[in-house]
1. Assuming a strict under-23 Å limit between Cα atoms, what lysine pair count do you get for region 62-357 once near-sequence pairs (fewer than 8 apart, same chain) are dropped?
2. In whole Hz, what ³J(HN,Hα) sequence does region 261-266 give by Karplus (6.51, -1.76, 1.60; θ = phi - 60°), x for Gly and Pro?
3. Treat the count of other C-beta atoms within 10 Å as a stand-in for reagent exposure and order 130, 351 from fewest to most.
4. I'd like the Karplus ³J(HN,Hα) series for region 247-255: coefficients 6.51, -1.76, 1.60, θ = phi - 60°, whole numbers in Hz, and an x wherever there's a Gly or Pro.
5. Taking the beta-carbon count within 10 Å as an exposure proxy, list 68, 285, 164 from fewest neighbours to most.
6. Please say if region 62-357 is rounded, prolate or oblate, where rounded means a/c under 1.5 for a ≥ b ≥ c the square roots of the C-alpha gyration tensor eigenvalues, and otherwise the choice is prolate for a/b larger than b/c and oblate otherwise?
7. Net charge near residue 455: determine it from the other residues with C-beta under 14 Å of the C-beta of residue 455, scoring Lys and Arg +1 and Asp and Glu -1.
8. Please enumerate, by chain and number, the lysines with C-alpha under 19 Å from the C-alpha of residue 3, excluding those fewer than 8 residues away in the same chain.
Amino acid sequence: MSKIFTNTTIVTVDPGNTVYYGAALVVDGDSIEAIGPTNDILTKYPDGEVVNCEGKVLFPGLINCHAHITATLNRGITEDFGFPPDLGLPIQTQSLLSDEELTIMALLGALEAIKSGTTTPVQNGAGIATYAQELAKTGLRWIFAESGRDAMTPPGWRPGEDVHEFSDDLRQEVLQRINDIFSEWHGAEDGLITCFPSAALTETSSPELLRSIRDMAEKHDVGYTIHLAQSRLEIESMMRLRGIRPAFYLYKNEFLGERLFAAHCRYVDPSEIALLGQTKSIITHQPAMAANRGVIPPIPALRAAGSPIAMGTDNNTQDMVEVMRIGLVTERIMRDDGKNPQPEDILRETTMGGAHAVRKTTEIGSLEVGKKADLLIVNALQPHLVPTTRIVSSFIHNGQPQDIESVMVNGEFVMRNHKVLTIDEAQIVREADAIGKRAWNEVIKRYPNAGFPTSVAPSSRNQSIQG
Ligand SMILES: [Zn+2]
């Protein structure tokens, strides 16, 4: 039976940024069947399940183009020690987790994503197969961007440090792993899951790896991604070892272009900005994490040069509501301009911009007839949102994830009236808290001389961690 949301405000993000009032939206199967005045719609569709949305607002689902959901493990730690984090530990704490524990941390990220309005997350990482099955059950429209490197790096190597050697064997292993995830998951769950190949970092990618990743994306007609210019170390290392800046290294190896969405671009110089714009390379901007790192990427210049912009969270948190707000205020600070961007601009880059990056503009990114029913129901009758004179502005400036009552993906609720239907929230939160405390205590205990700069809460349960 179709579902009919009535008496509601609909923020469409269509080409004219239309907002409908007192309107109704009909979902039939996985798609939006009709939008119109409530009375007209009820006359035309007398048989659907009516959901009265008076006082509510429908928004398109948010698209997070750059997430590392298992990095929820680092919450409360790596936000505060720069990039790459200056923690003195010779290993990644994540390496202490069992597959089951890693899956719990992934589900924690997915849970936060749902509760803060993401309907399409791009999970970027190596070894997604470990927890892919559980992510598939969340009902989200996933992009699995399986990522890899063919650099030989010593233990304790941190992103941006010099890389001197690359390995054919490692490259074959990466390409095999990406092929495997395509075979198993590309198009799975009725098309809800899409796979993208990804090179991890410029400094850990040989020219051969870059070309293979791009070729694979072309073969499957999908996009591909990489981290680009995320730290000063990266720029310095590329200049030292290759004699060119990172974006020029990618250009030289035919990696830039319309299929690419490059994460961060925090330290690109004017020549790189022009190159990225000319090649129409897409930039995914993670303003909340960038702000934590003390940097505002040159988004206005990248946009003006011709690069489409999409938005993402990066590590630790998956809250796209916060991403939109920080994206708006940091760009205004950078431009010294209290009028630009407008909230509608930021919302567009977080919805249609994301849809463009994941190459699904005909399916998602706006609430229009014929598109997939990926939407949020926001309760606008809140002390921090009324008067709802200009709801997009109210929500971007003042909105909270808790205002999102329900989330629908592909015509199915994944959260309804604040209850996440596809993940056991209480259990995952409890377990993730225990896993995080145990892992961080274990790593500090193993490396007491590392100079770890802060103290952490004790383990809440005494279970073992696999090493
Ligand atoms: Zn990242």
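Each value in this text was obtained by applying a stated rule to the coordinates, not by laboratory testing. It should be emphasised that the depicted structure is a prediction, and the values quoted were computed from it without experimental measurement. Positions of Cβ are backbone-derived with ideal geometry, glycine not excepted, and every protein chain shown enters the neighbour counts.
1. Working: 115/137; 219/252; 219/280; 252/280.
Taking region 62-357 as the scope, the lysine pair count is 4.
2. Result, ordered by residue: 10, 9, 7, 5, 6, 6 Hz.
3. Details: 130 17, 351 29.
Ascending Cβ contact count within 10 Å gives the list 130, 351.
4. Whole-Hz 3J(HN,Hα) from phi for region 247-255: 5, 6, 4, 5, 4, 4, 9, 6, 9.
5. Values: 68 23, 285 30, 164 9.
By the 10 Å Cβ count, ascending: 164, 68, 285.
6. Details: a/c = 1.25, a/b = 1.06, b/c = 1.18.
Rounded.
7. On the way: positive: 437, 445; negative: 80.
Here the charged neighbours net out to +1.
8. Within the straight-line limit of under 19 Å, residue 3 reaches these lysines: 44, 56, 371, 372, 419.
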